[in-house]
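Bear in mind that the values in this text are calculations on the coordinates, not laboratory data. Nothing here was measured: the structure is a model prediction, and the numbers come from that model. In this analysis, Cβ positions are derived from the backbone assuming ideal geometry, glycine residues included, and neighbour counts consider all displayed protein chains.
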Amino acid sequence: MKAVVHQSIAGLKGVRVADVEDREPGAGEVKIRLKTAGLNHRDLFVPVRHGTEDSAIVLGSDGSGIVQSVGEGVNGVEAGSEVVINPALGWEKNSPAPPEGFEILGLPDDGTFAEHIIIAAENIEPKPKHLSWEEAGVLPLGALTAYRALITRGRIRSGQTVFIPGVGSGVATFLVQMAKAAGARVIVTSRSGEKRERALALGADRAIDSNADWQAELEKEEIDLVIDSVGAATWNRSLDALKRGGTMVVFGASAGDEVKVNIREFFYGQYNLLGSTMGSAEEFREMLQFIKRHEIKPVIDKTFELAEAKQAFQRLEAGEQFGKIGLVIE
């Protein structure tokens, strides 16, 4: 079967479309004929982390498709079922942190950028009927990450104000949609005027230039919750924007892992700092119910054919997207 793999050369230079061995599901597994898949920033990191001496690995964490066959011992799943894939492996019940052994689909296990995938039956859920194949295929990782950060960890409530630096990524667009559905006021930032306009059209109440003086811009705002995925470049600016006693949830560090914090200002401000990563299978099901109840649809930036995967990766790496980039597989 055709698949997008990484092998031999570190980084995107080692990414290519290749023929890989197809197989049938084992006990407890299902085989999915993939219709669409979605790119995440993780897909840029995996080719760097995957060893150049290791065997080729199929990339991708997001996907949606049709059950083709089921393995021994699988109950309640029939061939022909339309499903979405939960990329969080080994995390069933909601908990303060992932259990030992938690992994994300796409490394070390083969991922979704292929014509078929074999996965544990417990990692599939029915495809929401209001979503197209393209929308369902780009949903899982970003929507789950946003749901846990905003709902489970951030405990957003109606009437609160949430601040989201760096709008444009798939997760950030989900955060805007989910926060508005929860009844919150939403403020975002971006260097791009076009992205700011698109965020406002999506439902954001304010969109600020990332290069502006945030404290001056937000002087009359009371920020209850900050959801930050940028990292070092925005960490202290985000903290300064937060009201005393407010909460900052962090789930990424795309602009650097290490920050310097004034501890005295932090404890005098009575701030709450929370980390968040992906989510459990329980939260994945809750997230699907949330998007169905509020009829939320992923923002799709652009789709590419499987053979055009390199172009999709390049667009993601350049940060040109607003929303999710998809791969149409069939």
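Please list, ordered by chain and number, the residues whose modelled amide H lies under 5 Å from the amide H of LYS127; skip anything fewer than 5 residues away on the same chain.
Here GLU82, VAL83, VAL84 satisfy the definition.
Can you give the angle from 0 to 90° between the axis of helix 281-293 and the longest principal axis of the chain, with both taken from C-alpha atoms, to the nearest 10?
So the inclination is approximately 70 degrees.
Round to the nearest 10 and give me the degree value, 0 to 90, for the angle of helix 193-202's Cα axis relative to the longest principal axis of the chain.
Roughly 80 degrees between the two axes.
Quick one: which residues, 5 or more positions from LYS324 or on another chain, have an amide H under 5 Å from its amide H? H modelled 1.01 Å from N in the peptide plane, none for Pro or chain starts.
VAL299, ILE300, ASP301
According to the Kirkwood expression over distinct Cα-Cα pairs, how big is the hydrodynamic radius of segment 164-280, in Å?
Final number for the Kirkwood radius of segment 164-280 is 14.5 Å.
What full-extension length gain, to one decimal in nm, is calculated for ILE9 and GLN314 as 0.36 nm per residue of separation minus the Cα-Cα distance?
108.2 nm
Please give the helix 170-181 orientation as an angle from the longest Cα principal axis of the chain, in degrees from 0 to 90, rounded to the nearest 10.
60
Would you mind getting the Kirkwood hydrodynamic radius of segment 264-306 from its Cα pairs, rounded to one decimal in Å?
14.4
Separation between the MET1 and ASN262 pseudo-spin-labels, each 7 Å from Cα along Cα→Cβ, expressed in nm?
Between MET1 and ASN262, the label points sit 5.5 nm apart.
Computed FRET efficiency, Cβ-Cβ of GLU197 and ALA307, R0 41 Å: what is it to the nearest 0.05? If you can, show how the numbers build up before the last one.
On the way: r = 33 Å, r/R0 = 0.80.
Computed FRET efficiency for GLU197 and ALA307 comes out at 0.80.
In 10 Å bins starting at zero, report the fraction of Cα pairs in segment 72-166 per bin as a rounded %.
Spelled out bin by bin, segment 72-166 gives 12, 39, 35, 12, 2 percent.
Rounded to the nearest 500 deg cm²/dmol, what is the calculated helix-only ellipticity per residue at 222 nm for the chain, with -39500 (n - 2.57) per DSSP H run of length n ≥ 4?
About -7000 deg cm²/dmol.
How charged is the neighbourhood of ARG237? Take every other residue with its Cβ under 10 Å from the Cβ of ARG237, and add Lys/Arg as +1 and Asp/Glu as -1.
Result for the neighbourhood of ARG237: -3.
How would you order 195-202, 91-98 from highest to lowest mean count of nearby Cβ atoms within 10 Å?
On the way: 195-202: 18.9, 91-98: 12.9.
Ranked from most to least packed, the peptides come out as 195-202, 91-98.
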